[in-house]
Amino acid sequence: MSADAGLLAVAEEAARAAGALLADRFRAGVEVALQSKSSPTDLVSQADVDAENLIRMLLAERRPDDAVMGEEGADTGGTSGLRWVIDPLDGTIDFLYGMPQWAVSVAVEDAAGNALAGAVFDPLRGELFAATADGTPTLDGARIRPRGPVPLGQALVATGFAYGADVRAEQARVLVGVLPRVRDIRRCGSAALDLSWTAAGRFDAYFERGPKRWDVAAGALICERAGLVVETLAPTAVVPAGILVAPAQLIDELRGLLG
């Protein structure tokens with residue numbers, strides 16, 4: 001087993017373990033928000049915290065010398081030069097509202113911030129998207145590919161929105177310019193799934209300003225290994241930096257629409 005394959009096995013184990021915990025909580029239907037974070041609409045639940053703690057415990061056993069960055073807990077240092085980037089529940093609002101559109105994202109990076117392996121697990125559908133830096137992207141072990149080339153006017157594009165009202169207003173302004181130029185827009189609530197689904201051909205492209213590293217670390221690697229172009233969207237005076245993922249023949253047109 002290659003080094004990256006070994007890391008991927010740990011990522012998959014962690015994502016599945018957290019996913020099993022979350023699926024039980026979701027089906028019980030009793031989860032409530034603990035608190036808000038960046039805004040009153042940015043919520044965290046006990047499920048978020050418990051899932052992250054479970055992943056951290058597993059990583060401490062499997063990879064005790066690695067650093068860990070998680071959405072809900074403090075960053076921890078390491079001595080190996082590797083860092084795990086985890087989103088224990090990407091799509092918390094969907095989770096709390098009973099919508100089956102959320103996932104667990106686990107990635108590991110080298111000292112330069114390059115993703116070496118990543119897994120995105122959708123426990124309700126039982127789908128595990130995964131990739132290593134030198135391997136093919138997979139869904140439940142089978143290779144995935146993006147959709148074939150389409151003109152911009154036929155592209156189904158996924159996106160997401162920030163939590164701050166002023167940023168959302170600017171995102172809405174940009175969207176007004178994008179929507180007439182594409183087949184349609186989808187806003188599902190989980191960046192990790194949006195990216196994975198783009199790699200698997202369920203969307204043609206994806207963009208979003210404001211996601212955090214843990215939201216996109218695994219999904220971006222899966223998209224890159226699927227042959228998609230992954231770019232950083234520069235921040236503006238109002239909106240933070242973001243990510244744009246699309247086939248090579250669409251990337252310039254989409255970037256031009258996003259400002």
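The values are calculated or read from the model by the stated rules, or taken from the named source; none is laboratory data. Given the structure is predicted, the values throughout are model-derived calculations rather than measurements. Glycine gets a Cβ as well: all are built from the backbone with ideal geometry, and neighbour counts include every protein chain shown. Surface areas here come from the heavy atoms of the whole protein model, side chains and all, with no ligands, DNA or RNA. Shrake-Rupley method; radii C 1.70, N 1.55, O 1.52, S 1.80 Å.
Some points to look at:
- Relative contact order of the stretch 83-183, defined on C-alpha pairs under 8 angstrom at six or more residues apart (%): 15 percent
- Using C-alpha pairs below 8 Å separated by at least 6 residues, the relative contact order for the stretch 125-210 is 38 percent.
- Considering the stretch 100-259 at the alpha-carbon level, its Rg and Dmax are found to be 14.8, 43 Å.
- ³J(HN,Hα), Karplus 6.51/-1.76/1.60, whole Hz, each residue of the stretch 246-259, x for Gly, Pro: 6, x, 4, 6, 10, 4, 5, 5, 5, 4, x, 6, 8, x
- Inter-label distance, nm, simple model (7 Å from Cα along the C-beta direction), Arg125/Lys212: 2.4 nm
- Interchain or long-range residues, amide H under 5 Å from Arg186's placed H: Val157, Ala158, Thr159
- ³J(HN,Hα), Karplus 6.51/-1.76/1.60, whole Hz, each residue of the stretch 98-106, x for Gly, Pro: x, 8, x, 9, 7, 7, 10, 10, 9
- In plain terms, the bigger the Kirkwood radius, the slower the diffusion; for the stretch 186-247, with that radius from Cα pairs, at 25 °C and 0.890 mPa s, Stokes-Einstein puts D at 214 µm²/s.
- Amide H within-cut-off set for Trp84, under 5 Å, with H built and near neighbours excluded: Ala67, Val68, Met69, Glu109
- As a fraction of the 1.4 Å probe accessible area of the stretch 174-254, surface on carbon and sulfur atoms comes out at 52 percent.
- Annotation: amide H-H contacts under 5 Å for Leu233 (H modelled 1.01 Å from N, sequence separation of 5 or more, or interchain): Gly242, Ile243, Leu244.
- Normalising the average separation of contacting C-alpha pairs (under 8 angstrom, six or more residues apart) by the number of residues puts the relative contact order of the chain at 17 percent.
- For the stretch 230-238, backbone phi angles converted through the Karplus equation (6.51, -1.76, 1.60; θ = phi - 60°) give residue-by-residue couplings of 10, 10, 8, 8, 5, x, 10, 5, 10 Hz, Gly and Pro being listed as x.
- Helical content alone sets the calculated 222 nm signal of the chain at -11500 deg cm²/dmol, taking -39,500 (n - 2.57) per DSSP H segment of four or more residues and averaging over every residue.
- Percent accessible area from carbon and sulfur atoms, the stretch 20-171, protein chains only, probe 1.4 Å: 53 percent
- Entry comment: accessible area of the chain is 42 Å² per residue, from protein heavy atoms only and a probe of 1.4 Å.
- Inter-label distance, nm, simple model (7 Å from Cα along the C-beta direction), Ala237/Gln249: 3.8 nm
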